[in-house]
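To start, the structure under review is shown below, and the notes come after it.
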Amino acid sequence: MAEQTLRPGDQAPDLEVDRADGTPLALAALWRERPAPLVFLRHYG
Amino acid sequence: MRGEIGERDDIGVALLTMGKPEQAAEFCRNQRLSYTCLSDPARRSYRAFGLRRGSMAEVMGPALALAALRAAGKGHFMGRPVDDVYQLGGIFLVDRQGRIAYARYPRHAGDQPPAGELKNAVLRLLTSAAG
């Protein structure tokens, strides 16, 4: 099934991912205090 | 990314990766990145943001080779994909209310946003929030 793309004005999905130290983080915590650019990488480097 | 928006205190840049936490940590340490480095090996966040898996042509085709050559000409080198080589990346800007202010879906694995596009989106958002 094709993923649904997001557009400006849409609510950003909030789900849990891991920090680099292995502890969980809710994505919403990233933008609660200040705007958050999210960069999804497909490779390191 | 650093060249695009630098390191600002008024935004919180986060890098999401498909690697394990220790791989994300090593990458950010090696690159001396002060951004928030995150790990999502299950790629749930990639799917939630609508980032699709590309076709073979989109992740290994001539367009990617050309983009890699262009990047190399600027002194940047593409790394080896981690985990799912077909998964495409993407860039988003989310405001403090959790709304998408900017979304960039690449057409293929080497497709980068035009220079200044994200920076301009950040500046527009900060200006509107201050106004």
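Each value in this text was obtained by applying a stated rule to the coordinates, not by laboratory testing. As the structure is a computational prediction, the values presented were derived from the model and not from experiment. Every residue, glycine as well, gets a Cβ built from its backbone with ideal geometry; the counts of neighbours run over all protein chains shown.
Annotations
- Electrostatic bookkeeping for A:Gly22 treats Lys and Arg as +1 and Asp and Glu as -1; over the other residues with beta carbon under 14 Å from its beta carbon, the sum is -4.
- Across peptide B:8-15, the average count of Cβ atoms from other chains found within 10 Å of a residue's Cβ is 6.
- Ranked for footprinting exposure by Cβ neighbours inside 10 Å, fewest first, B:Val13, B:Val94, B:Val122 give B:Val122, B:Val13, B:Val94.
- Positive minus negative residues near A:Ala12 (Lys, Arg vs Asp, Glu; Cβ under 12 Å): +1
- The value of relative contact order for chain A, using C-alpha pairs under 8 Å at least six residues apart, is 21 percent.
- Among B:Met56, B:Met18, a tally of other beta-carbon atoms within 10 Å of each Cβ gives an order, fewest to most, of B:Met56, B:Met18.
- Sorted by Cβ neighbour density within 10 Å, fewest at the top, the residues B:Cys37, B:Cys28: B:Cys28, B:Cys37
- Rg and Dmax of chain A, both derived from C-alpha coordinates alone, stand at 12.6, 34 Å.
- Between B:Glu22 and B:Ser128, the modelled labels are 4.3 nm apart [label points 7 Å from Cα along Cα→Cβ].
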